[in-house]
1. Just name the residue that is most open to solvent (accessible area, probe 1.4 Å) out of those in region 474-502 that are under 14 Å from ASP440 (Cα atoms) and either in contact with a Phe, Trp or Tyr (Cβ under 6 Å, 6 or more places away or on another chain) or among the aliphatic types (A, V, I, L, M) (or both).
2. Mind listing just one residue for me: the one in region 164-186 that is open to solvent by less than 20 Å² (accessible area, probe 1.4 Å) and assigned to a loop (DSSP other than H, G, I, E, B) and, of those, farthest from PHE259 (Cα to Cα)?
3. Scan region 422-433 and give yes if some residue there is open to solvent by less than 60 Å² (accessible area, probe 1.4 Å), farther than 18 Å from VAL481 by Cβ and not in a helix (DSSP H, G or I), otherwise no.
4. Within region 106-138, count every residue that is of a type in the set (Ser, Thr, Tyr), within 20 Å of ASN158 (Cβ to Cβ), modelled with pLDDT under 90 and open to solvent by 60 Å² or more (accessible area, probe 1.4 Å).
5. Name the single residue that is nearest to GLN404 (Cα to Cα) among those in region 357-369 being open to solvent by 10 Å² or more (accessible area, probe 1.4 Å) and not aliphatic (A, V, I, L, M).
6. Against the condition modelled with pLDDT of 95 or more, within 22 Å of GLY184 (Cβ to Cβ) and in contact with a Cys (Cβ under 7 Å, 6 or more places away or on another chain), how does LEU306 come out, does it pass?
Amino acid sequence: MSETNEDSDFDLLADSGYTDDMSQLSPVKNVDKSDIHLLCPSLNFSDDEMEQNCVEKRNTLDDNDIEPQHVRRSIIKTDIEFIEREITPAMIQVEEILTSDDEMFCTCPIVCIPREIIMKIFTYFTQPELCCKLSRVCKSWYDYAFDPSLWKVIDLHNYRNIPSVNLCRLIAKATNLRSLLLHGRENISESEVAVFTEYTSNLQHLDLGFCQNMNIPMLSIIVNKCPILESINLEGDTCFKPGSLQILSRCQHLKEMNFSHCILENMDLHHLAKNLETITSLNIDGISWIDDEPVIYLLKQHNEHLTELVIDGAEITDDCYKSIAKCSYLTVFEASFCELLTDKSLEYLQNLNKLKKLRLRKGTEFTAAGLMNFFSSPGIKHLTSLDMSECTGCDDICVSQLSQSCGKTLKHLSLCWCWHITDRGATSVVDHCSNLLHLDLTGIDKINGDCFGRVPTEMPHLRLLDLKQCNRIKDELIEDVVRQKRNLTVINYYGETVMFEQS
């Protein structure tokens with residue numbers, strides 16, 4: 001997508017565009033503007049007017065003072081009232097334009113097309129196109145553009161600074177909203193969360209990963225206002241304190257959780273495992289202090305339901321992998337650190353015969369014999385993604401075996417820093433992994449790469465070949481491969497991108 005203009009792409013009531021009477025949107029009735037837990041230390045909305053509403057109250061405080069609770073509540077109350085006032089009966093006076101254009105539009109043959117066909121056509125447009133282009137043609141097209149069937153999913157990860165009023169107005173119109181993606185939203189506030197959750201009673205999927213300022217009061221509002229929430233992403237939200245995430249146990253329909261790089265303690269994981277009825281997907285990567293006990297308890301409670309599990313693994317031992325092996329429906333398993341593991345864990349994992357994605361990084365204690373035995377097992381034959389980076393016991397024989405066992409299904413393969421791999425192992429990959437899209441061989445300094453000359457014919461689907469720190473591979477070879485396979489991107493020794501450039 002080209003450079004985005006957040007103010008115009010999602011400005012539903014722009015002066016130059018059409019609007020319908022938004023008075024049919026019922027005002028926010030249940031927001032408790034004086035709720036004691038709505039304590040926001042600072043509000044950094046991009047809306048200038050909203051900031052002006054609070055500036056006088058902030059100016060009453062000394063620079064070195066911390067805002068008292070009653071002032072914070074007053075600020076949030078003011079902001080909530082501002083958002084409510086803007087998103088409800090804000091009717092723009094364009095009656096003459098609407099009337100004249102709709103009369104002209106009635107003569108257009110498109111009005112003879114059944115609505116369901118028109119709606120099918122509208123599904124091919126992006127949401128910014130619906131907002132700032134199609135909705136401005138006429139009143140009828142405005143209705144089509146904001147039909148709830150087109151707004152079951154709202155993805156704003158490319159619009160991180162969209163003003164709070166526009167955000168809440170957009171969500172208010174999406175009466176059939178099922179999935180809301182606010183990944184990376186900057187300066188998310190309790191005020192806007194309090195308002196837009198009034199319109200998300202049907203929400204099932206919520207992505208708040210890497211949202212600045214996320215805190216417990218916001219999470220409490222979400223838990224109370226989204227009763228059928230099934231999945232939540234809080235990745236990288238580091239403002240939570242130990243014990244904070246236990247509040248999610250009140251979401252009885254919650255099945256999928258991403259807490260990667262959050263502040264989560266053993267007791268929190270134990271609490272969620274005990275109080276949630278079903279957990280199907282859990283990501284606790286980047287939380288290095290989680291050890292065996294809570295993970296084993298989780299697996300004991302939910303092994304019949306769990307399909308995806310991502311762990312940090314720094315404090316996880318073979319004992320835990322024995323329990324992981326009992327999750328017979330597991331299709332995704334990833335561990336960033338396997339330094340405490342032995343070949344025993346590889347033996348346990350052979351029981352997982354439904355795996356599609358496997359990551360076992362830093363398995364420094366895995367032996368070549370243990371890896372060879374693992375790659376010979378039928379459990380890996382369905383893998384589409386495999387990452388064995390920094391498993392230093394992996395050699396050419398191991399690579400040859402894994403290539404023959406699952407080479408036909410693999411789409412992504414990463415063998416970074418597996419120093420014992422030579423051209424023999426690389427040749428096995430080229431010979432047997434014809435469906436690869438992404439091959440990462442970073443740091444393998446024993447390969448010359450002559451076999452890569454056959455990539456254009458033997459690996460027709462390959463799009464990315466990462467050869468960083470592979471110092472024996474000549475630039476001339478890379479350039480020749482790229483010339484023959486024009487849709488391929490290669491990362492060379494220096495980390496530079498090499499791709500075909502059409503003259």
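The values are calculated or read from the model by the stated rules, or taken from the named source; none is laboratory data. All of these numbers come straight from a predicted model, not from anything done at the bench. Reconstructed Cβ throughout: ideal geometry from the backbone, glycine too, with neighbour counts over all protein chains shown. Accessible surface is based on the protein model in full, side chains and every heavy atom, while ligands, DNA and RNA are left aside. Shrake-Rupley method; radii C 1.70, N 1.55, O 1.52, S 1.80 Å.
1. Among them, the one singled out is ILE491.
2. Among residues in region 164-186 that are open to solvent by less than 20 Å² (accessible area, probe 1.4 Å) and assigned to a loop (DSSP other than H, G, I, E, B), the one farthest from PHE259 (Cα to Cα) is ALA174.
3. Taking every residue of region 422-433 in turn, at least one turns out to be open to solvent by less than 60 Å² (accessible area, probe 1.4 Å), farther than 18 Å from VAL481 by Cβ and not in a helix (DSSP H, G or I).
4. Step one: of region 106-138, the residues of a type in the set (Ser, Thr, Tyr) are 107, 123-124, 126, 135.
Narrowing further to those that are within 20 Å of ASN158 (Cβ to Cβ): 123-124, 126, 135.
Retained after the next criterion (residues that are modelled with pLDDT under 90): 135.
Within this subset, residues satisfying the condition of being open to solvent by 60 Å² or more (accessible area, probe 1.4 Å) are none.
So the answer is 0.
5. Filtering first and then ranking leaves LYS357.
6. It is false that LEU306 is modelled with pLDDT of 95 or more, within 22 Å of GLY184 (Cβ to Cβ) and in contact with a Cys (Cβ under 7 Å, 6 or more places away or on another chain).
Conditions tested, residue by residue: (1) under 17 Å from LEU299 (Cα atoms); (2) part of a helix (DSSP H, G or I); (3) open to solvent by 30 Å² or more (accessible area, probe 1.4 Å).
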| position | (1), (2), (3) |
| --- | --- |
| PRO242 | no, no, yes |
| LEU245 | no, yes, no |
| LEU248 | no, yes, no |
| HIS253 | no, no, yes |
| MET257 | yes, no, no |
| ILE263 | no, no, yes |
| LEU269 | yes, yes, no |
| LEU272 | yes, yes, no |
| GLU277 | yes, no, yes |
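Listed here are the residues, each with its yes/no results for (1) at pLDDT 95 or above; (2) within 23 Å of ASN283 (Cβ to Cβ).
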position: SER189; (1), (2): no, no
position: LEU203; (1), (2): yes, yes
position: ASN215; (1), (2): no, yes
position: GLN246; (1), (2): no, yes
